[in-house]
Structures are given as structure tokens and as C-alpha cells.
Amino acid sequence: MKPILSRTFICASDTCADYVHQVPAPYLRRNFELEEIPQQALLSVCGLGFYEVWVNGVRITKGLLSPYISNPDQVLDYDVYAIAPYLKTGRNTLAFQLGNGMQNAWGGYIWDFEKASFRSAPKLAVWCGLQFADGSEMQFEADTRFVTAPSPLLADDLRGGEVYDARLEIPGWNTADFDDSGWQPALLAEPPKGEPVVCRAKPIVASQILHPVAIRPDTLTLADRGIRYTGYLYDFGVNAAGVPVLRVNGNPGQQITMIFGEYIGADGHLQVQNIRFDFLREEHKNLPAGLQKDEYICKGGGEEVWSPHFTYHGFRYALVVGLTPEQATPTLLQYAVMHTDLGDRGGFDCSEPVLNQLQQMTRRSILANFYHFPTDCPHREKNGWTADAALSAEACLLNFDPRENYREWLGHIRAAMREDGSLPGIVPTAGWGFHWGNGPAWDQVLVTLTDLLYRFSGERDVIIENADAILRYCRYIDSRRDEKGLLAIGLGDWCAPHGEPKAPLLFTDSVISMDIARKAAFLLAQIGKTADSAYCAGLAASLRTAVRKYLLTERTAAGNCQTSQAMGLFYGIFEKEEEPAAYQQLLSLIHEQNDHIDCGVLGARVLFRVLSDFGDADLALKILLQPDAPSYGNWVARGETSLCEDFAPYEEHVNSLNHHFFGDISAWFMEYLGGIRPNPGSAEKNRVDIAPVFPASLSYVHANHCALCGLAESSWERRGGEILLRVKMPEKGYGVIRLPKGFHFADGRTVCPAADGEYAVYSE
């Protein structure tokens, strides 16, 4: 039996909740009778925005925020369950609770989600198919035989949080013995316009439970609103993402409010201004402050345990308001750290503690920002910003296994593409992000993810799925070029340390577009689209010619800054004979900043790679480890536990303290310091090269990655006047060991076939 993705939707009400008028999350249930247990029983579910599902009182929901976060006018994600083990003879019950999710993201008004054409009250599509031993079948789908009632969840919003009144709980509501005769029939709802698909994304799960490392009284002041919250501050030690787990013995009607934040201000109190999502626009001034906040109202009579179902938060600190001093114990609140279940595919450690801390911060930020797809922050926005994903994708693929989730999200990116080939800066979107927030440096996510997925999966299907969209995008950027053959249509070197980007948008957009076209030509050639590949190759060559003619001198790229110079070298804008002088210019620009980074996200993605490729890994490491701002090392020095949105010190301003778009450093750690280069040319999936660099300040490095052909490991340590390099290759893998300039093996070679063993390496 194949599951049917039903397009018949039901709802409890046609009234949408918003900040002012809340509507409780609905319960829905349906009974059905069985004379025997079926051999096969399948259930397909599309709950918009989110759903929880029980069979005979057993919760079987695959994970938090199921099925997905999407624009339902474009894509409808369904989950499919095998439910035979939960069925019994006699009466059975399917039960659901629905959350607002993206269907009614009333807290996302900054990005126009409250204006979405698809906006409605939560709705549900269900199909249940049963097949018995004699071959007979029984099927039903959502209809008015489902009955509904309000749940104790009085309000829920993906960004804002939840309000739950435990006094309104309905014991046994999701079981077969419950009397639902007083419930109301569900209403038929207008079906969304999107294309039904079975969701391939891995679920969002809890990976660990954190306990508070400190508890103290504190006060949060929202000066612009004249509001003060006083309570107990719970510090969980790290800035991650997930949900609170509240355990309380409360009095009936006692209201407990939890407000979540990232840092403590200079005044010693919790701050939330950096992650408020209201931004205090004039048109929103009468709305409540955009806080991450959950409220729980106790029923009394013993221990109560609660966590939100349809939201999550990014935080290190939780201010708990409404407690008695006796209740403010370490067991009152725990932190369920959650993220998409990406598994573990690689790692890195070395002799430098700051690098080890940065590796952990990068991994933590990638995971905290992976809720079905990569987001820009787990607190303020929760949006799928496209550049963020493109910039950190290689690090993510080296450390984890996001392949299925990337492919699912690429389907939503393709669906968001307009007929002319343009893409929004966030996916999903209700329309926001086409006129600001996109452009080639952001839109590159389409080709970058496809290219990296092909490299890390070896599957041509990922190219086939995206080929038409990639070609359409290349034609789009071709159409946006000016009379000189250049383009400047989007965001540039975002989050530069000293204000506005120094690299001209005309340069970064044109160079990124050239790289997009190059990758497109390669990918299309892999699936036999020769003519389309030739068109993209020609576009790439034309863009390079235009950049060289109008935006390059013999040794300097337009803007004469670290980003432009590093991008010019990394993307091959300079000719080989020009590279030495261009590289010296880059070094001059670095030294002008006292060996500090002066790049935004586009420059930081390539700077350390370029320095290492030209033999200056020591300088790359020095820049990265600087203890004062702007630098990665400064984040560690000031006690951050996740990657920040920018390099500004606290005394200037504080943006998000949990971003991942500066996270390519982890890829640099693994591919350069560790030297593991899986499938370097994207054409030999069993190839793994080992090509480490050996900065003088490091005495030990270890990296590993589970490549397509198996586990590869590389480590090296200094022993007297030599370096001992240890290599473990995958059983089915092959490749070469390549030493950097200035180093050689005992026999004088700098390259040898890669094989398990120990290799003595000497410097010249």
C-alpha cells in the first residue's frame, strides 16, 4: 500500500490568532473500529503550521515542529507513519493538536508573514490506510467526522513563544475511552495551493539536557516600554537553542513567565534588546515587545512538568518570573537542547585551546541554527537566510550530515524562485526578500548547495533536481548585467568590522556571479547538458573579462581592501603571473590593520584559505587568534560560547550572539590544518587527499571525516626537528598526500600516494 497525500483539510475555526486576539491551539480526534489488527497501517499527516499526533494515547510525532516550516502555497510537506503496532481490536483513536507555525506566523510581522496570502487558522490533512490479511483495505481521510475542542495551549507563535494554562487540561482526551460527545465537528478548510511531497528532512530532536550552572535574582528592564520583569535568572552556561523543561509544584493559578536571552549587560542584568524581533518600527509601536517568552499557569496539586510544543528559543539565560524563593531551585528549570538530527560526520582538535573552543562554538552555532534548514539565528528571526547557509555549508557537511535536509530545502528554494529566475533572501517567504536582502552573494545558495551535495554525496540526482533552476538563475543574472557586463543588485560583504563594506558591491556581485556560472557549467556538464553548460561557461568567462577590465589593476582589486583582494585571488580573477604582486598587496592590507581581520562574511569565507594556499598559514592563525577585536579570538576572550553575528565589541553594539555564517573556519581547520580533502575535484567520490599545513605555533592537530568511501583521519605532531604525520585512509579510498611549500618527506618528495601509516615530514 502506498500512502496518499490527501488534499482535504479540516480546521477547528476560521479565526486567525494575532498579538491582540489569541486563539487556543485546537485538539482534533477521530475514532474508528477494528475487528482485527491490520497487517499494514499507514498514516500521512500534513499539519499546518505544526502538529502533534497520538494513536490511542501514544505520541508518535517524529520531532519538534513537524512536519516542516514552509510556504504552503508552494510546498506541502507530509509525514508518513507506520501505525500498526499502536492499533488494537475495538475502538481506536487518532488525535492531533495543531500549532500556528508558518501557517499563521503572527510574530513574523517584521518580514510580512502576517500579510501572507496563505495565512489562516491551523488546518490538518490526514489519510489513514489499513490493509488486512485477506487483502481487503480500509481508508479514510480528514472530514467532519473529526471532532474538536480548545486545548490548554492558549497562544503559540514560532518566534514569540507559548501560553499554557494547565487548569484547562482535559485528561485522557487523546485515548480511545474518552467521551468526546460534547466536542464540535471539525470544519472543512480551503486546501493550500502547494505541491504535496513526503518530507525527506530528518526530524528535530533533543540532543542533551542542560542543568543551570548558576541561579540568582535579576531584573529585566524594557525602557522603551516602561516594563520591568523581576525574577530568578537561570544561567545554563552555553548559548544554544531548544526548549525549557519546567518542573514545578505550584499553587492553582500561579503564573510562571520565562523570558530568554543571550547575554548579561554591563549593568549586570539580563539584556534582550539584541534579539527582540519587533525592532520598534513606527507601524508596530502599539504591538507588544517582541520577546522570546513562555507562560505557564499552574493547576496545583503536585509536580507539573511542561515544555512548549510549537516553538523553540535561542538562549543561554532564562529569567523566571512568578516564583517563590523556595521554588527557585536547580531542578525547577532544565534546558532541552534541540536541533535537526544531523548525526556526526567529522571533528577537529589541536594543541591550541582557542581553536578547540572555536571549533565547538562553530558546531554549536550550526546546530542551534538548524531547524529543518539553516536559519540566521535561533531567537530573533528564525528565517532561512540563503547566504548564511551557503557560507557555512562546507563546514556543516564536514562536521555533520545535512544532506537530506539540504535537498528538502532546495525543493523549497526552487519553489520560491520567480518566473524570471530571481530568488528571495529568505526561504520560506510570503513575498518579503525579493526587493531587499537577496542578490548573487545570497542567491548562490542554489548552486553552492547543489555543488557541495554532489561533492559530498556523489549523487547525480541532486544535480538533475536543480539543473533547470540553476540554468534559469544564470539567465537571470545575465539579464541584470549593466552595459559593462557587471552587476550590483543585492547585499554585499555583510557585517564588515568597521561599518559599511569596503568591497564595492559591483565587485562582489560580479565575482560571485562568475563563480555561480562556473559551478553551473561544471554541474550541467555532469548530467550531459552540454549546450547549457557551454552557455554558463561563456557567462563565467564574460563576467571575468568584465571584472578584469573595469575593476582590476595589475595588482589591486576594486576597493583595495582585504575582501576584494582575497576574493580576487581565491576566485581566479588575477592571472597567474599577477598573483604574487596581488598577494603582496593583500599582505599590506592585513598589516595595515595590525594583522586583524577587516572582512565581512564574503571576505572571511576566503581569507584564511588564500593565506594558507600562499604559504602563510601562520599569519592566518595569528589573525584568527588575536585576543582583541575584531577577531574570532576576541569572541573566545570575552566568553562567547557560540559564533557571533559580527566582530563588534560590546561597547559598540551587540547583535545576535548565535550565527553560523562566519563558521567556515571549521572547514579551514579540517581541510587545511588537518588536511582532509574529501573528493577535492567533485568527480571522484572515493578520493580523499591529505594536504595539511603546519603552522609553527601548533604542536598537534587531529581531524577526521566520514567520507563517501569511509572514515579518513589525519593527525600530526612535532617531534624535535621533524613532524610526524599519521594517516588513516578509508578502506575503499585513494588519494595523495601533498605537503605544503617548504616541507618534504625523508626521500625529498612532496607528494606521495595516500596510505595508512606514519610519515616523517621535514622543513627546508
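Here are the numbers for this structure:
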item: Rounded to whole Hz, the Karplus (6.51, -1.76, 1.60) HN-Hα couplings of region 75-88, x for glycine and proline; result: 9, 10, 8, 10, 9, 10, 10, 9, 10, 3, x, 9, 8, 8
item: Debye log10 I(q)/I(0) at q = 0.17, 0.18 Å⁻¹ for region 403-533, Cα point scatterers; result: -0.90, -1.00
item: Under-5 Å amide H pairs with Leu76, H placed in peptide plane, nonlocal only; result: Glu195, Val197
item: Unsatisfied cross-links (Cα-Cα over 28 Å) in the set Lys202/Lys622; Lys62/Lys293; Lys484/Lys685; Lys115/Lys285; Lys622/Lys741; Lys202/Lys728; result: Lys202/Lys622; Lys484/Lys685; Lys202/Lys728
item: Estimated vicinal HN-Hα couplings, Hz - region 153-160 in sequence order (Karplus 6.51, -1.76, 1.60; Gly, Pro = x); result: 7, 6, 7, 8, 9, 4, 9, x
item: Per-bin percent of Cα-Cα distances, region 76-154 [5 Å]; result: 3, 10, 18, 18, 17, 13, 9, 6, 4, 2, 1, 0
item: Heavy-atom accessible area per residue - the chain, 1.4 Å, Å²; result: 36 Å²
item: Alpha carbon centroid spacing (whole Å) that separates region 262-340 from region 460-499; result: 39 Å
item: Alpha-carbon spread of region 180-280, three principal axes, descending order, Å; result: 53, 37, 35
item: Of all accessible heavy-atom area on the chain, the percent that carbon and sulfur account for (1.4 Å); result: 49 percent
item: Between 0 and 90°, nearest 10: helix 530-550 axis offset from the chain longest Cα axis; result: 60 degrees
item: For Ile69, residues with placed amide H under 5 Å, excluding near neighbours; result: none
item: Charge context of Ile597, other residues only, Cβ under 13 angstrom, K/R +1, D/E -1; result: -4
item: Amide H contacts of Ala155 (H built 1.01 Å from N, under 5 Å, at least 5 apart or other chain); result: Ala25, Val163
item: Relative pair counts by distance (%), Cα atoms of region 1-123, 10 Å bins; result: 12, 41, 30, 13, 3, 0
item: C-alpha long axis of helix 386-399 to longest principal axis of the chain, angle in °; result: 80 degrees
item: Cα pair distances exceeding 15 angstrom across region 28-75, given as percent; result: 57 percent
item: Sorted largest first, extent of the chain alpha carbons per principal axis (Å); result: 84, 64, 57
item: Estimated 222 nm signal from helices in the chain, with DSSP H stretches of n ≥ 4 weighted -39500 (n - 2.57), rounded to 500; result: -7500 deg cm²/dmol
item: Rounded to whole Hz, the Karplus (6.51, -1.76, 1.60) HN-Hα couplings of region 223-239, x for glycine and proline; result: 4, 5, 10, x, 10, 10, 10, 10, x, 10, 8, 9, 9, 9, x, 9, 9
item: Local electrostatic count at Cys495 - Lys and Arg +1, Asp and Glu -1, tallied over other residues with Cβ under 10 Å; result: -3
item: Between 0 and 90°, nearest 10: helix 461-479 axis offset from the chain longest Cα axis; result: 70 degrees
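The values are calculated or read from the model by the stated rules, or taken from the named source; none is laboratory data. These figures come from a predicted structure and were not determined experimentally. FYI the Cβ positions are ideal-geometry reconstructions off the backbone, even for glycines, and counts take in every protein chain you see. SASA here: full protein model, heavy atoms, side chains in, ligands and nucleic acids out. Shrake-Rupley method; radii C 1.70, N 1.55, O 1.52, S 1.80 Å.
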